[in-house]
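A quick write-up on the structure given underneath.
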Amino acid sequence: MKPIPYGRQNIDNDDIDAVVSVLKSDYLTQGPKVQEFEKKFAEYIGSKYAVAVNNATAGLHLSVLALNLNKGDRVITSPITFAASANCIRYVGAEVWFADINPNTYLLDINSVKKLVESKPKGFFKGIIPVDFAGLPINMEDFRLFADNHDLWIIEDACHAPGGYFIDSIGEKNFCGNGNYADIGVFSFHPVKHIACGEGGMLTTNSKKIYEKLLLLRTHGITKQDLDDSHGKWYYEMKELGFNYRLTDFQASLGITQLAKNQDSVKRRNEISSNYKKAFKGKIKFQDLPRGRYNAHHLFIIEVENRKELYDFLHSKGILAQIHYIPIHMFPYYRRIGYQDANLSKSEKYYKRCISLPMYPTLTNKEQNFVIKQVNKFING
């Protein structure tokens, strides 16, 4: 049996044909496919606006800028996420403050956030970046209610969760990143994620003001909108110091075909999750699924005592399990700037035990059964 990765892209002939079509067209970038992708993604998620970017890290950077984060400001996020969720705060010279996770869902614990915020005077913090970790949606309604009471903005890091949703207090389905409760949602199109564009990302919002700011910052801060055209049709102005964070048209064309398959992809991911849960229930701890939430399952994570030994054992069998994630505050950079004594015991305990098993739509039943057999073999000695 060939090696089984923890995640992988699924590219078929429809995807290839779409990309080739754009490569043969007049526009490789700054053409019509980007806007088409943005429109279709916004419709899928349920947001009013969407802005495509070259990767989710760039998207997080634009998000904090659009929400006017400045040097010396403070933002709370989870230590159990990819480094970019915190690094975007540092890009503008602001301070990262970590709150601990819920040990059962692995999501940012709202009670930990409340304790941190309420220990400081109002205005001390500017915002929160909760993460839909592994594909499990945060209850964004609870965070919004709390944030509004403390004048905080919210960026929802939904990079793991296109297609995931939670049911709010009035019974409405809210897809991750739909903008009903967060100011901005951020998605990733890295190959191991649900929608593969090679690299890429999407920002979603329901605020026209934020949308227009994101568009401006994405393209150097340059615009042709609402200008005196007496200079000539070529005329443009640079309104702010922006960036070149654009997505290309051929990447957008791939995103469009990938998006069309995401609903089936998420359904298959949940079938794989159910198989793992049936096999491990009562024997091995895995991520909880709170009532009223639908996990998009970027990852399937289990916890074991001897994680390093299981990791090595699975790799020896061609099962390329992975670890998600090393807590951000434990990285040398963050320790060097003052996080060496951070009290985040639940996150650190999780890290010592976590391991991600293969989770992707083209994982076959035969391959998954082999993974389950090897995990059980290791656990049972």
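The listed residues are TYR360, TYR339, and the only one of them that is within 20 Å of PHE286 (Cβ to Cβ), touching a strand residue (DSSP E or B) at 6+ places or on another chain (Cβ under 9 Å) and not hydrophobic (A, V, I, L, M, F, W, C) turns out to be TYR360. The helices (runs of 4 or more DSSP H) falling completely within the stretch 233-326 that include 2 or more residues that are over 23 Å from ALA134 (Cβ atoms) map to 249-260.
Looking across the stretch 333-381, the residues that are farther than 27 Å from PRO191 by Cβ, of a type outside the set (S, T, N, Q) and more than 23 Å from the chain's Cα centre (by Cα) come down to ARG335, ARG336, ILE337, GLY338, TYR339, ASP341, ALA342, LYS373, LYS377, PHE378, ILE379, GLY381. The set of residues in the stretch 331-381 that are out of contact with any Lys or Arg (no Cβ under 6 Å at 6 or more places or on another chain), assigned to a loop (DSSP other than H, G, I, E, B) and farther than 26 Å from ASN102 by Cα comprises THR362, LEU363, THR364, ASN380, GLY381. Of all positions in the stretch 200-221, at least one carries a residue that is part of a loop (DSSP other than H, G, I, E, B), in contact with a His (Cβ under 9 Å, 6 or more places away or on another chain) and either farther than 29 Å from TYR181 by Cβ or of a type outside the set (Asp, Glu) (or both). Of all residues in the stretch 62-104, exactly one satisfies the criterion of being in contact with an Asp or Glu (Cβ under 9 Å, 6 or more places away or on another chain), farther than 23 Å from GLY242 by Cα, part of a strand (DSSP E or B) and hydrophobic (A, V, I, L, M, F, W, C), namely ILE101.
Restricting attention to the stretch 227-276, the residues being surrounded by fewer than 19 Cβ atoms within 10 Å (Cβ to Cβ), in contact with a strand residue (DSSP E or B) (Cβ under 6 Å, 6 or more places away or on another chain) and either under 20 Å from ALA161 (Cα atoms) or among the β-branched types (Val, Ile, Thr) (or both) number 0.
If the condition is being among the aromatic types (Phe, Trp, Tyr) and within 19 Å of PRO191 (Cβ to Cβ), then the stretch 3-42 contributes TYR6, PHE37, PHE41.
Remark: LYS283 matches the filter, which requires a residue to be in contact (Cβ under 8 Å) with a residue 40 or more places away in the chain, surrounded by fewer than 16 Cβ atoms within 10 Å (Cβ to Cβ) and over 23 Å from PRO137 (Cβ atoms). Of the residues making up the stretch 296-317, those that are of a type outside the set (Phe, Trp, Tyr), surrounded by 14 or more Cβ atoms within 10 Å (Cβ to Cβ) and over 24 Å from the mean Cα position of the chain (by Cα) are VAL304, ARG307, LEU310, LEU314, LYS317.
Within the stretch 24-60, the only residue that satisfies the criterion of being in contact with a Phe, Trp or Tyr (Cβ under 6 Å, 6 or more places away or on another chain), farther than 24 Å from GLU172 by Cβ and in a helix (DSSP H, G or I) is ALA58.
Within the stretch 1-16, can you find the residues that are touching a residue at least 60 places away in the same chain (Cβ under 8 Å) and either loosely packed, with under 11 Cβ neighbours inside 10 Å or in a helix (DSSP H, G or I) (or both)?
MET1, LYS2, PRO3, ASP14, ASP15
ASN149 falls short of the stated requirement of being under 16 Å from LYS48 (Cβ atoms), surrounded by fewer than 18 Cβ atoms within 10 Å (Cβ to Cβ) and either within 14 Å of the chain's Cα centre (by Cα) or assigned by TED's automatic domain parsing to the domain that holds SER78 (or both).
The values are calculated or read from the model by the stated rules, or taken from the named source; none is laboratory data. Computed from a prediction, not measured in an experiment: that's the story for all the values here. So basically every Cβ, Gly included, is an ideal-geometry build from the backbone, and we count neighbours across all protein chains shown.
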